[in-house]
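Enquirer: Below: one structure in structure tokens.
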Amino acid sequence: MTKSTFTLIAVIALSTTVAFGGEWILFSEELPPGADLALRGDSQFVVSDSQPYHGANHLKRDFATYGDWAWITGIMNLNLDLSGIDFDTAYLEFYIDGGTVAISYLELRLAGPEWDPDFETTSVRVDDQPGYERVRVMLKDFTGRGANSGVRPTNLDEFTGGTGVIDRISWGFGAAGDLFIDEVRILDAAGGVTSIASRPVPAHGEADVSRDVTLGWAPGQFANTHDVYLGTGFEDVNTASRQSPPGILLSQDQEGTTFESAGLLEFGATYYWRIDEINAPPDSTVFKGDVWSFTVEPYAYPIANVTATASSAQPGMGPQNTVNGSGLNADDEHSTASTDMWTSSGAQPNWIQYEFDAVYQLDALWVWNSNQLIEAFVGFGAKNVTIEYSVDGETWTALEGVPEFARATGSPTYTADTVVDFGGAAARFVKLTINANWSSVAQQTGLSEVRFFYIPVQARVPQPVDEATSIDVNTDLNWRSGREATAHEVYLGTDENALALVDTVTEHRYVPDPLDFGTTYFWKVDEIGGAGPYEGEVWSFTTQEFAIIEGFEDYNDDDNRIYDTWIDGWVNNTGSQVGYDVSPFAETRIVHGGRQSMPLSFNNEESPFYSEAEREFATAQNWTLSGADSLSLWTQDAPSDLYVTVQDSAGKSATVTNPPAATAGQWTQWIIPFSDLAGVNMSRVKKLTIGVGSKAAAVGGGAGTFYVDDIGLGRPVP
């Protein structure tokens, strides 16, 4: 395959010859913000200041694939001299983020001065979790053209025209979407190579994290055990070691890659944490990890969707200004512009009333008083205030202990300086009657901004998220607990108007029996405790249509070759061949999901005039679990006389023909209802056969190759 096949190419001209010495950052801080790239076509492969991992720059890829493939030449004209390095320990490293789109196929190539690639590896994948991953690939693990393998002194000259200089590094993708790449390096790590922990959960900088969060991470390449450091100070965590006083090192030499704190974390606190990776004995080298951070959920949350009305208002200074954020900056400092506030027009007493979208357990009210430039001289701001609250807007209760509202400064750096404690009172309406302002002459009064905080007493933050799709049939249900909850009543069903109580649990987690494929479920959690019960909202999710029973991902080129499991014409004497003649035996570029598919060649021009590939399961398979009623498989370039045969453990079989019409170069799903396989016990499946042609009609047919991937069982969503 030549480079001219691909049209989406971006080039960075870096023509400096670099003497190799430990490591060299190919790009990152070295590129100034807004650096130019040579672009072709509609590519938006750019250097950007948005969402960098380290420093201000990274590369961003944002376009669709070219057919089933996209090739990006990220860096050219490197003239990077690799002579003199230790090829047994040197490695390529970069940070990469695919957002929430799983990049199922990623190929790196180091290339010489010609267009044809020289070294490649398909060992790297990018998951569907937000956040950068650190990827390290040893140069000796790259595959070279011909018989050579790995980037080594013995073959480096062959692929670089005798110069020993690497010209370019490229990335290939088998999926569309946003992708960010940062800090590409080649490192020479004498004495061995290791990776530090990556992909933190929670993500670095994440806010509103549960107090009982479980920390997780992806382990380093050679990590044997892990040390977990956690604390509320960056320096404490960054400088801590095994010799530090206790308190920051919470787990030492643990084997797993998750950690649960012994107690609940502090509301609203920012925590810093670090994972050190420990190599296996005898060296047991400790590799210090990056310091990550997250912020724990607050005790109370601000209420959104607040409607304000008032006894009166000056033109352009209506009551909604007090709840729409007008005049506030990112630091919650309020402007001095009168049109960013509410100012009444009538004589005292004046009132302003707020309505929420539901009944809330109120925690506190923050007040920014009237903050006009002349506030210090006139005193429009509220001073003596009566506060009443109501659930229905008809029956009102006066709040006790309302403090005097502080006088605003009349400066653009003014922040909220009055806090009213509601003590958990339930309300949908709150009315503030201003009995006196800070003026001895002015009748008008006003406020700049108010912010109500509520205590969450209902179950919230469901997992799966509300209206999620393609959820595993073996999913757990999870949620955030209400503040007063001591128990949780879990309701679940397929009719949102007739949910059944399935269990009462003390933890915020429920494990249902395996669910059915392709089904929409509704559920809610009622919180028990305190002034409850508090009825929860009704959430929904839809389960996956199919679960993969054969994705062709586990096969390799050594002890688990694809044609050893899928028997072809070399054994069954038909015209089929599974896999390629030389490694890699499975298909690694034309894939529907994951990294591999099955290439199936057929030749029906000779006897027996049909071709079959068959897999026999070691033990009979139950294909009826979770309400499964259909078999699914994806094919590309499949012939029209494709057929599938299923055989049970008693030897009974059924064959289905007439696959859906396929478009050349496109994956096509074939869904086969179990009803079309009458007579076969689908709870005792022993053999699956994929064939081309007809056993009954011994007539010569065509020849060719097609691809099969992601064979699954399940049920389509109605």
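Bear in mind that the values in this text are calculations on the coordinates, not laboratory data. No experiment lies behind these values; they were computed from the predicted model shown. Because the Cβ atoms are built from the backbone with ideal geometry, glycine has one as well, and the counts that use them run over all protein chains shown.
Enquirer: Contact order normalised by length for the stretch 523-664, with contacts defined as Cα pairs under 8 Å and 6 or more residues apart; what percent is it?
Expert: Contact order relative to length: 15 percent.
Enquirer: Now for a separate question. Between the stretch 481-497 and the stretch 284-333, what's the alpha-carbon centroid distance in Å?
Expert: Measuring centre to centre over Cα atoms gives 29 Å.
Enquirer: Can you compute log10 of I(q)/I(0) for the stretch 232-282 with the Debye formula, treating each Cα as one identical point scatterer, at q = 0.17, 0.19 Å⁻¹?
Expert: Those come out to -0.63, -0.77, one per q.
Enquirer: How big is Rg to Rh over the stretch 460-544, alpha-carbon atoms, Rh as the Kirkwood inverse-mean-distance radius?
Expert: Looking at the stretch 460-544, the ratio lands at 0.96.
Enquirer: Give me the net charge of residue 415's neighbourhood, meaning all other residues with Cβ under 9 Å from the Cβ of residue 415; Lys, Arg count +1, Asp, Glu -1.
Expert: Here the charged neighbours net out to -4.
Enquirer: Same structure, new question: Which of the peptides 594-605, 342-353 is most tightly packed, and how do the rest follow, judged by the mean count of other Cβ atoms within 10 Å per residue?
Expert: Per-residue mean Cβ counts within 10 Å order the peptides as 594-605, 342-353.
Enquirer: Here is a further query. Quick one: which residues, 5 or more positions from residue 479 or on another chain, have an amide H under 5 Å from its amide H? H modelled 1.01 Å from N in the peptide plane, none for Pro or chain starts.
Expert: Long-range HN contacts for residue 479: 463.
Enquirer: Rank by packing, highest mean first: peptides 277-285, 248-256, 528-536, 224-232, with packing defined as the count of other Cβ atoms within 10 Å averaged across residues.
Expert: For the peptides 277-285, 248-256, 528-536, 224-232, the packing ranking is 224-232, 528-536, 248-256, 277-285.
Enquirer: Now, a different point. Could you work out the relative contact order of the stretch 460-544? I mean the mean sequence separation of Cα pairs under 8 Å and 6+ apart, divided by the number of residues, in percent.
Expert: Worked out over the stretch 460-544, it gives 38 percent.
Enquirer: Hey, can you grab everything whose amide H is under 5 Å from the amide H of residue 299? Only 5+ residues off in sequence or another chain; H modelled, so Pro and N-termini drop out.
Expert: Excluding prolines and chain starts, which carry no amide H, the hits are 268.
Enquirer: For the stretch 301-455, what does the relative contact order come out to in percent, with C-alpha contacts under 8 Å and a separation of six or more?
Expert: It comes to 36 percent, rounded to a whole number.
Enquirer: Please list, in order along the stretch 678-693, the HN-Hα scalar couplings obtained from phi with the Karplus expression 6.51 cos²θ - 1.76 cosθ + 1.60 (θ = phi - 60°), rounded to whole Hz, x for Gly and Pro.
Expert: 4, x, 9, 7, 6, 8, 9, 6, 10, 9, 10, 10, 10, x, 10, x
Enquirer: So, one more: List the pair-distance distribution P(r) of the stretch 301-455, using every Cα-Cα distance, as the percent of pairs falling in each 10 Å bin from 0 up to the bin containing the longest distance, rounded to whole percents.
Expert: 12, 45, 35, 7
Enquirer: Tally Lys/Arg at +1 and Asp/Glu at -1 over every other residue whose Cβ is under 10 Å from the Cβ of residue 610; what's the total?
Expert: -1
Enquirer: For residue 498 and residue 355, what does the FRET efficiency come to when R0 = 30 Å and r is the distance between their Cβ atoms, rounded to the nearest 0.05?
Expert: Efficiency, rounded to the nearest 0.05: 0.40.
Enquirer: What list of ³J(HN,Hα) couplings, whole Hz, do you get for the stretch 373-385 from phi and the Karplus terms 6.51, -1.76, 1.60, once you set θ to phi - 60° and write x for glycine and proline?
Expert: For the stretch 373-385, the Karplus-derived couplings read 4, 8, 4, 5, 9, 9, x, 5, x, 5, 10, 9, 10 Hz, x marking Gly and Pro.
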